[in-house]
Amino acid sequence: MKKGTLVLVVIAVIVILLGIRVISAYNRLVELEQNVEGRWAQVENQLQRRADLIPNLVETVKGYASHEQQVFADVAEARSRLLAARTPEDQMEANASLDSALGRLLAISEAYPELKADTSFIRLQDELAGTENRIATERMRFNESVQTWNTTIRRFPMNLIASVFGKEPKRFFEASPGAQEVPQVSF
Amino acid sequence: MKRSRKLVGLTIVFLFAVLVAGPVWAAFPQPQGFVNDFANVLDRRSQSELQVLAEQLRADQGVELAVVTVASTDPLDPKEYTTGLFNEWGIGGPEDSGLLILLAVAERAIEVEPGYGLEGVLPDGLIGAVIDQEGMPHFREGDYGAGITAMAKAYARILAGEKFEIAEEEKGDFGWLYSFLIFILIVLLLRRNRFYPPRGGGASGGGSGRRTIFVPGPTMGGPRMPTGRGSGGFGGFGGGRSGGGGAGRRF
């Protein structure tokens, strides 16, 4: 009887200690996941900012190169896909196609010297380049937080706890090829 | 035996960390003041003017202006370097109201980056327009000091609430006429200045006529150390962040 109580007490203590460990580990996971989500929200902000700039940019280009309908349609389509995307994965993909459509739009402008000299076009290009840089910065910070998250949940013993709570590694936001070439206003 | 293995392991980890983190962190020098002429391309007068301007900006608007020239931003590109340096130094304090003007000599690049707190007052388009109108004419001639000073003055005016006039591209046939009129006006002004030499040398920096000596303002420690820590209000940066906005040009 007495021996049985002792065993029970020992088990209880172990369970409590383990429980505390699990709770603090869980809280850490919550904190890290929040961090990743917060970083992603920053990325979203900047993607939104860029999407907001596009109609003005397209209008300005149209003023000089109205017959390039295909590119305008591509840009508009990619933009609305980005705005409609809800999950980070969809947003990343929509963003990649917007990158390439925008690249083509800016390539057009090379053929129109008057457009290149238009002050409002130059300002818009500055805004766009600035936003691209902001996206790059926020992307880097987001990826850092994903890195921390992924390493944490893969390490022992956190991997056990993470799998119990169904926490999975998150995807990095990779720069699409060509997106690194920030549109430069050159003279 | 076990201990020495642990030591070796730790050393390897440490070396790895240095190798990975080293190039990025080592690339940034320590701030020496508001004006950091690491590339030695700013004339003394520009340095003094920028120093006074930065002190005024901090006192009046709570904005921290940092001017940096570097020989090269290698291995980073100028924009990455600017964003990295901004956040490493923490220009702008807790309100994130910092403004960094960075000139890279080898890359022939000028980059201007606002902190989060200034993005509203200084949108990228405006930042770029100031570079085009105030900075580029000087940079093309190789006068980095004059270019940066003119830009810094324009940003200070915008931060003080003045409107910056963006020059419109002349579309009609009157372009040459305007240029000609402005030319005549300049010639007339120059001639006038010759007959009536400029009065005094206050710190207002009107910029008319030629001054042979620069009279340092009362806040300066002396003309010999225009960027020294003790000479003005510089007490180190810290805490300011930027999101990588701003505008840049190659000249």
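Looking across the range A:27-71, the residues that are within 28 Å of A:G166 (Cα to Cα) and aliphatic (A, V, I, L, M) come down to A:L29, A:V30, A:L32, A:V36, A:A41, A:V43.
On the basis of being of a type in the set (G, A, S) and in contact (Cβ under 8 Å) with a residue 40 or more places away in the chain, does B:G142 make the cut?
Details: of a type in the set (G, A, S): yes; in contact (Cβ under 8 Å) with a residue 40 or more places away in the chain: no.
Criteria not met by B:G142.
Is there any pair with a first residue in the range A:107-119 that is without any contact (Cβ under 8 Å) to a residue 12 or more places away in the chain and a second that is exposed (fewer than 15 other Cβ atoms within 10 Å of the Cβ) whose Cβ atoms are under 9 Å apart and which are 6 or more apart or on different chains, and what are they? Pairs that qualify, where the first residue is without any contact (Cβ under 8 Å) to a residue 12 or more places away in the chain and the partner is exposed (fewer than 15 other Cβ atoms within 10 Å of the Cβ), are A:K116/A:E110; A:A117/B:E169; A:T119/B:A167; A:T119/B:E168; A:T119/B:E169. Being open to solvent by less than 80 Å² (accessible area, probe 1.4 Å), among the small types (G, A, S) and touching a Lys or Arg at 6+ places or on another chain (Cβ under 8 Å) is the requirement here; does A:A111 meet it? In short, no. Return yes or no: is B:L185 of a type in the set (A, V, I, L, M, F, W, C) and modelled with pLDDT under 85? Criteria met by B:L185.
Just give me the residues in the range A:112-123 being facing chain B (nearest Cβ under 7 Å) and within 13 Å of A:L57 (Cβ to Cβ), in sequence order. Answer for the range A:112-123, where residues must be facing chain B (nearest Cβ under 7 Å) and within 13 Å of A:L57 (Cβ to Cβ): A:D118, A:I122, A:R123.
Yes/no matrix, rows are residues, columns are (1) open to solvent by less than 30 Å² (accessible area, probe 1.4 Å); (2) of a type outside the set (V, I, T); (3) part of a helix (DSSP H, G or I); (4) modelled with pLDDT of 90 or more:
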| site | (1), (2), (3), (4) |
| --- | --- |
| B:V13 | no, no, yes, no |
| B:V20 | no, no, yes, no |
| B:E49 | no, yes, yes, yes |
| B:E55 | yes, yes, yes, yes |
| B:V68 | yes, no, no, yes |
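Can you say whether A:A136 is more than 13 Å from A:A51 (Cα to Cα), open to solvent by 30 Å² or more (accessible area, probe 1.4 Å) and assigned to a loop (DSSP other than H, G, I, E, B), as far as the supplied structure shows? If you could, list the steps in order and put the result at the bottom.
Working: more than 13 Å from A:A51 (Cα to Cα): yes; open to solvent by 30 Å² or more (accessible area, probe 1.4 Å): yes; assigned to a loop (DSSP other than H, G, I, E, B): no.
When the stated conditions are applied, A:A136 does not pass them.
The residue pairs whose first member lies in the range B:238-251 and is facing chain A (nearest Cβ under 7 Å), whose second member is among the basic types (K, R), and whose beta carbons are closer than 8 Å, counting only pairs six or more residues apart or on different chains, are B:G243/A:R134; B:G244/A:R134; B:G244/B:K79; B:G245/A:R134; B:R250/B:R108.
Within the range A:35-71, the set of residues being open to solvent by less than 10 Å² (accessible area, probe 1.4 Å) and either closer than 27 Å to A:E114 by Cα or touching a Leu at 6+ places or on another chain (Cβ under 6 Å) (or both) comprises A:R50, A:A51, A:I54, A:L57, A:V61, A:A65. Selection of first residues in the range B:124-138 that are of a type in the set (A, V, I, L, M, F, W, C) and of second residues that are open to solvent by less than 40 Å² (accessible area, probe 1.4 Å) and in a helix (DSSP H, G or I), restricted to Cβ pairs under 6 Å at least 6 apart or on distinct chains, gives the following pairs, ordered by first then second residue: B:V130/B:M151; B:V130/B:A154.
The values are calculated or read from the model by the stated rules, or taken from the named source; none is laboratory data. Please read these numbers as outputs of a predicted model, since none were measured by experiment. Neighbour counts are summed over all protein chains in view; Cβ atoms, including those assigned to glycine, are modelled from backbone coordinates with ideal geometry. What goes into the accessible areas is simple: the full protein's heavy atoms, side chains included, and nothing from ligands, DNA or RNA. Shrake-Rupley method; radii C 1.70, N 1.55, O 1.52, S 1.80 Å.
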